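The values are calculated or read from the model by the stated rules, or taken from the named source; none is laboratory data. Everything quoted here is computed from the prediction, not taken from an experiment. For neighbour counting, all protein chains shown are included, and Cβ atoms are generated from backbone atoms with ideal geometry for every residue, glycine included.
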Amino acid sequence: MKALIIGSGGREHALASKVAENSNVQVVYCAPGNGGTYKENKCENINITQIDELLSFAIENKIDITIVGSEEWLVQGIVDKFNEKGLKILGPCEKAARLEGSKSYSKEFMKKYGIKTAAYEVFEDENKAIDYLKNCEYPIVIKADGLAAGKGVVICNDFLAAKSSINDFMVVDIFKGSGKKIIIEEFLEGVEASILSITDGKVILPFVSSKDHKQIFDGGIGPNTGGMGAIAPNPYCTKEVLDEFYKNILLPTLKGIQEEKMDYRGIIFFGIMITKKGVYSLEYNVRFGDPETQAVLPLMKSDFTELVISAIGRDLENFELLWKKGYSCCLITASKGYPGKYNTGYEISESGKLEGKLYLAGATFDDGLLKTNGGRVLGITGFGETLAKAREIAYADMKKVQFHGMYYRKDIGK
Ligand code: AMP
Ligand code: GLY
């Protein structure tokens, strides 16, 4: 078998190495891949990123399965284009990708199918939005409707902050069109969980739960990032929480996918908030999470490639999805200054053997040297019988990696 993984993050490194574990897989092409996939067993980086080029590559090279990392390609309809050519690809059709691509669409979907979510209003006129904000309870949440590379949500503590965000989103247009339409949403207090799941349109199989750490600083302080670390399973996801999630969020979502006649054979990632008033659906992502994937996939006992083939073949109900016992903890290390401005091009060195698994992200090979080339540079996932052990391994390993200005949180999974 030949596989194609589209994307260049730590998530894609984790996907490529997991697909490569299957003995029938001869080669895993990574488009464009990174310094990690460059060195990974069976993997080969190819420098293409446009949908038409990817499609031609997949046809010419007779690719058996394609997995898409980032939402960008999914909302552009890559899955429909591959399907038209009879190519097997894991992901939602363009219509279903709107569950992530448009927050107003996904909120409307949740409302229509009775899925518990925060109360909200949609605005396309900044004056109406500002009028509405005058009588709101604070804090309040403002969200850009379209894709904004994970930066399109702000929590505002008072009217002035909210008004200023409306101006940034709708007038200054900082998200280049994605924030012209906005959602103003009730603030929910609680703890978050990420539940990655796979669907074939007939069933949805949830993976072990996980917990992202979105803010840049310890204690959940500072601006949001792509994710500074993840643990799995999420200790807040008790049996009661998961039962409630299954009944009130997962099952009605599946009903919605079916009634809306979406061709959804891909990953559906539920962002949920566990509150005193119950479990709420925060958002859908139509792809793997980063860094959740680096924490969750290594715990999968079943063959991942077989699972993907089964989802594409609409045969998940016959798949027994098994998990390893224990915990994982993935620490992300970033370039100094991230998520703001940062410099790149610093050499990355390792001293001593790592006990956990290293997933490279914003790192590339340049003249035979591994160098930083992004904000989130790499991640290390530790495993253990307990979360404390998994953390200990990840933190001990991180001391063996060096690059100029490296920064990581000290409280992942604490
Ligand atoms: P989203 O892209 O909708 O998941 O939002 C990004 C992050 O903003 C979430 O992971 C939460 O941390 C936070 N967030 C989103 N919606 C709410 C809400 N209604 N109440 C509190 N926090 C929220
Ligand atoms: N870690 C959150 C995301 O991938 O959207």
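So which strands (runs of 3 or more DSSP E) are wholly in the range 24-135 and hold at least 2 residues that are in contact with a Lys or Arg (Cβ under 9 Å, 6 or more places away or on another chain) and closer than 30 Å to Glu306 by Cβ? Steps first, answer last, please.
On the way: elements: 27-32, 43-45, 65-68, 89-92, 120-123.
Output list reads 27-32, 65-68, 89-92.
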| note | Residue hits (the range 267-281; within 13 Å of ligand 2 (Cβ to nearest atom), within 15 Å of Lys211 (Cα to Cα) and crowded, with 19+ Cβ neighbours inside 10 Å) are Phe269, Phe270, Ile272
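Can you tell me which residue is nearest to Gly375 (Cα to Cα) among those in the range 1-23 that are aliphatic (A, V, I, L, M) and part of a strand (DSSP E or B)?
Here the answer is Ile6.
Here's the yes/no breakdown for (1) within 16 Å of ligand 1 (Cβ to nearest atom); (2) among the hydroxyl-bearing types (Ser, Thr, Tyr); (3) touching a residue at least 24 places away in the same chain (Cβ under 8 Å):
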residue: Gln258; (1), (2), (3): no, no, yes
residue: Ile267; (1), (2), (3): yes, no, yes
residue: Ile272; (1), (2), (3): yes, no, yes
residue: Ser281; (1), (2), (3): yes, yes, yes
residue: Asn285; (1), (2), (3): yes, no, yes
residue: Leu297; (1), (2), (3): no, no, yes
residue: Asp315; (1), (2), (3): no, no, yes
| message | Between Gly289, Gly337, which is within 16 Å of ligand 2 (Cβ to nearest atom), small (Gly, Ala, Ser), touching a residue at least 60 places away in the same chain (Cβ under 8 Å) and assigned to a loop (DSSP other than H, G, I, E, B)? | response | Gly289
| field | Where a residue in the range 170-189 is under 16 Å from Lys116 (Cα atoms) and its partner, wherever it lies, is loosely packed, with under 14 Cβ neighbours inside 10 Å, with Cβ under 9 Å and at least six apart | value | Glu185/Ala119; Glu186/Ala119; Glu186/Glu137; Phe187/Glu137; Phe187/Tyr138; Leu188/Lys277; Glu189/Lys276
| query | What is the one condition in (1) over 28 Å from Asp131 (Cβ atoms); (2) within 16 Å of ligand 2 (Cβ to nearest atom) that Val153 does not satisfy? | reply | (1)
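I'd like the residue in the range 198-215 that is modelled with pLDDT of 95 or more and within 16 Å of ligand 1 (Cβ to nearest atom) and, out of all such residues, is farthest from Lys325 (Cα to Cα).
Narrowing the range 198-215 to residues modelled with pLDDT of 95 or more: 198-213.
Now drop any that are not within 16 Å of ligand 1 (Cβ to nearest atom), which leaves 209-213.
Values: Ser209: 13, Ser210: 14, Lys211: 17, Asp212: 20, His213: 22 Å.
Among residues in the range 198-215 that are modelled with pLDDT of 95 or more and within 16 Å of ligand 1 (Cβ to nearest atom), the one farthest from Lys325 (Cα to Cα) is His213.
Check whether at least one residue in the range 299-320 is away from ligand 2 (no atom under 14 Å from the Cβ), within 18 Å of the chain's Cα centre (by Cα), over 25 Å from Gly101 (Cα atoms) and of a type outside the set (A, V, I, L, M, F, W, C), and report yes or no.
Of all residues in the range 299-320, those away from ligand 2 (no atom under 14 Å from the Cβ) come to 299-320.
Checking the rest, the ones that are also within 18 Å of the chain's Cα centre (by Cα) come to 299-300, 304, 308.
Add one more test, that the residue is over 25 Å from Gly101 (Cα atoms), and what stays is 299-300, 304.
Filter once more, keeping what is of a type outside the set (A, V, I, L, M, F, W, C): none.
For the range 299-320, residues away from ligand 2 (no atom under 14 Å from the Cβ), within 18 Å of the chain's Cα centre (by Cα), over 25 Å from Gly101 (Cα atoms) and of a type outside the set (A, V, I, L, M, F, W, C): absent.
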| request: Taking Gln294 as meeting all but one of (1) in contact with a helix residue (DSSP H, G or I) (Cβ under 8 Å, 6 or more places away or on another chain); (2) more than 16 Å from ligand 2 (Cβ to nearest atom); (3) in a helix (DSSP H, G or I), write down the number of the exception. | output: (2)
| note | Selection from the range 230-286 of residues more than 30 Å from Trp73 (Cβ to Cβ), assigned to a strand (DSSP E or B) and hydroxyl-bearing (Ser, Thr, Tyr) yields Thr275
| message | Quick check on the range 152-187: of everything there that is surrounded by fewer than 17 Cβ atoms within 10 Å (Cβ to Cβ) and near ligand 1 (Cβ under 9 Å from one of its atoms), which residue is farthest from Cys237 (Cα to Cα)? | response | Ile155
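From the residues in the range 173-192 that are among the hydrophobic types (A, V, I, L, M, F, W, C), in a loop (DSSP other than H, G, I, E, B) and farther than 18 Å from Lys276 by Cα, which one is nearest to ligand 2 (Cβ to nearest atom)?
Looking at the filtered set, the residue picked out is Phe175.
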